[in-house]
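Student: Below: one structure in structure tokens.
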Amino acid sequence: LQKNISAFRAAPVPRPFNPDDFMNMVQHSGPHLTSGIKGDWSGLYRAFLKSPNFSAWFQRRYSELVRTLKALQLEILATTDLSDWAAGRQEVELVDMVLKLRKTMTVSEEVNLPLKSNTMNLLAEKLEDITRILPDDLKSILQNTT
């Protein structure tokens with residue numbers, strides 16, 4: 001999924017878990033090929049999938065994956081040169097990007113995404129760069145909407 005991350009699209013969403021696909025993977029390329037421990041690996045995984053612990057474990061891991069993908073998307077956005085993107089864009093697109101960046105930054109702080117230390121500062125710089133391009137009347141309107 002990491003190769004599908006773009007600064008200008010939402011972070012990719014992992015496919016839903018399919019137990020049958022997982023069990024096929026375990027049978028064909030599971031731990032029995034690399035582990036020296038013999039045993040019923042398929043039975044072990046089948047039992048875990050049916051256990052009451054699996055759902056909570058899976059939800060936690062899935063949430064971690066989604067958060068990591070969102071953080072990676074923001075880090076790519078933070079290092080992207082938005083001046084190239086902004087060149088020739090209509091004002092409405094620039095305002096839309098300003099509003100999306102603000103919202104993204106707010107949500108990222110609220111949910112405490114695992115970002116590199118300078119990512120929020122870089123995003124703030126991108127926000128300022130785009131705002132600087134806008135006409136003064138739009139700048140004042142955007143300043144009043146914070």
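The values are calculated or read from the model by the stated rules, or taken from the named source; none is laboratory data. Worth saying up front: this structure is predicted, and the values here are computed from it rather than measured. Ideal geometry is used to build each Cβ from the backbone, glycine not excepted, and the neighbour counts take in all protein chains shown. Areas reflect the complete protein model, heavy atoms only, side chains present, ligands, DNA and RNA absent. Shrake-Rupley method; radii C 1.70, N 1.55, O 1.52, S 1.80 Å.
Student: Can you compute the charge dipole magnitude of region 1-87 about its Cα centre, using +1 on each Lys and Arg Cβ and -1 on each Asp and Glu Cβ, nothing else charged? Give it in debye, rounded to the nearest 20.
Tutor: 320
Student: Related question: Report the gain in length on full extension from N121 to D84: 0.36 nm times residue separation, minus Cα-Cα distance, nm rounded to one decimal.
Tutor: 11.4 nm
Student: Any idea how many Lys pairs in the chain come in under 19 angstrom at the alpha carbon, given 8 or more places apart or on separate chains?
Tutor: Lysine pairs meeting both conditions in the chain amount to 13.
Student: I've got another one for you. For the chain, find the longest principal axis of its Cα atoms and tell me its angle to the long axis of helix 19-29, 0 to 90°, nearest 10.
Tutor: 70
Student: Using +1 at the C-beta of Lys and Arg and -1 at the C-beta of Asp and Glu, which of L123, V98, A71 has the Cα lying farthest in the positive direction of the dipole of the chain?
Tutor: A71
Student: While we're looking at this one, here's another question. Placing +1 at every Lys and Arg Cβ and -1 at every Asp and Glu Cβ, with all other atoms neutral, what dipole size does the chain have around its Cα centre, in debye to the nearest 20?
Tutor: Dipole size: approximately 740 debye.
Student: I've got another one for you. R0 = 30 Å: FRET efficiency of F48 with K103, Cβ-based, nearest 0.05?
Tutor: With a Förster radius of 30 Å, E is 0.20.
Student: Rank N112, N121, N53 by mean-square fluctuation in a GNM of the chain with C-alpha springs under 10 angstrom and give only the top-ranked residue.
Tutor: Most flexible of the set in this elastic network: N53.
Student: Work out the FRET efficiency for Q27 and E128 from their Cβ-Cβ distance, taking R0 = 41 Å, and round it to the nearest 0.05. List each step's numbers first, then the result.
Tutor: Values: r = 54 Å, r/R0 = 1.32.
The formula returns an efficiency of 0.15 here.
Student: Taking the Cα atoms only, what angle lies between the long axis of helix 91-110 and the longest principal axis of the chain, rounded to 10 degrees?
Tutor: The angle comes out at about 50 degrees.
Student: Identify, among V111, P16, G30, the residue whose Cα sits farthest towards the positive end of the charge dipole of the chain, taking +1 on the Cβ of Lys and Arg and -1 on the Cβ of Asp and Glu, with the dipole about the Cα centre.
Tutor: Of the candidates, G30 comes out farthest on the positive side.
Student: Right, next: For the chain, what is the calculated [θ] at 222 nm in deg cm²/dmol (nearest 500), taking -39500 (n - 2.57) for each run of four or more DSSP H residues and dividing by its residue count? Don't jump to the answer; show the numbers that get you there.
Tutor: Working: 7 runs with 97 residues, N = 146.
Computed ellipticity for the chain at 222 nm equals -21500 deg cm²/dmol.
Student: Can I ask one more? Tell me, what is the per residue accessible area of region 68-139 in Å², probe radius 1.4 Å?
Tutor: 59
Student: So, one more: Can you give the direction-averaged projected area of the convex hull of the alpha-carbon atoms in region 64-143, in nm²?
Tutor: Numbers: hull surface 21.0 nm².
Its average projected convex-hull area is 5.3 nm².
Student: Tell me, what is the FRET efficiency for I37 and W57 to the nearest 0.05, using R0 = 25 angstrom and their Cβ-Cβ distance as r?
Tutor: So the FRET efficiency works out to roughly 0.75.
Student: Using the C-alpha atoms of the chain, what convex hull volume per residue, in cubic angstrom, is computed?
Tutor: Values: hull volume 22.7 nm³, N = 146.
It is 155 Å³ per residue.
Student: Looking only at T80, T104, T34, which one moves most when the chain is put into a Gaussian network model with springs between Cα atoms under 10 Å?
Tutor: Per the Cα network of the chain with a 10 Å cutoff, T34 tops the list.
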